[in-house]
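> This is the structure I have questions about; it appears just below.
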Amino acid sequence: MADELKSHLEKDINVLHERSQETKTHLSTHEAVCEERYENILSTFVSYEEKLDSVHKEILELKTLATQGKTSLRTLFFVGTTVAAAVAALAAFSNIKWG
C-alpha cells in the first residue's frame, strides 16, 4: 500500500509539475503579448501627440493670420474713410469756391 501511495503521489506531483510548466509557458506568452500591445499603445499615443501638436501649431498660425487680416481690414477701412472724407471735403470746397 505504501508503494501504491508513493506511486500515486509521484504521479500527482508530475501532473502538478506539468500544469505549472504549462501555466508558466502561458504566462510568458501572455506577458509578451501584453508588452507588444503596450508598446503599440505608446507609439500610437506619441503619434497622436505629434499630430495634436501640429494641429495646435496650425490653429495658432490661423489665429495670427486672422488677427492680421482684421488689422489689415481696419487699416484699409481707415484709409478709405480718410480718402473719402478728403474727396468729399475737396468737392464741397470746390463747390463753394466755384459757386
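> Among THR29, THR25, THR44, which is the only one that is surrounded by 10 or more Cβ atoms within 10 Å (Cβ to Cβ) and under 15 Å from the mean Cα position of the chain (by Cα)?
Numbers: THR29 fails: under 15 Å from the mean Cα position of the chain (by Cα); THR25 fails: under 15 Å from the mean Cα position of the chain (by Cα).
Just a single option satisfies the conditions, and that option is THR44.
> Something else: Quick test for you: out of ARG37, ARG74, pick the one residue that is surrounded by 10 or more Cβ atoms within 10 Å (Cβ to Cβ), of a type outside the set (Gly, Ala, Ser) and modelled with pLDDT under 85.
Values: ARG37 fails: modelled with pLDDT under 85.
After ruling out the rest, the residue left standing is ARG74.
> HIS56 - would you say it is surrounded by 10 or more Cβ atoms within 10 Å (Cβ to Cβ), over 32 Å from the mean Cα position of the chain (by Cα) and part of a helix (DSSP H, G or I)?
No, not satisfied.
The values are calculated or read from the model by the stated rules, or taken from the named source; none is laboratory data. Because the structure is predicted, anything quoted here is derived from the model rather than measured. Because the Cβ atoms are built from the backbone with ideal geometry, glycine has one as well, and the counts that use them run over all protein chains shown.
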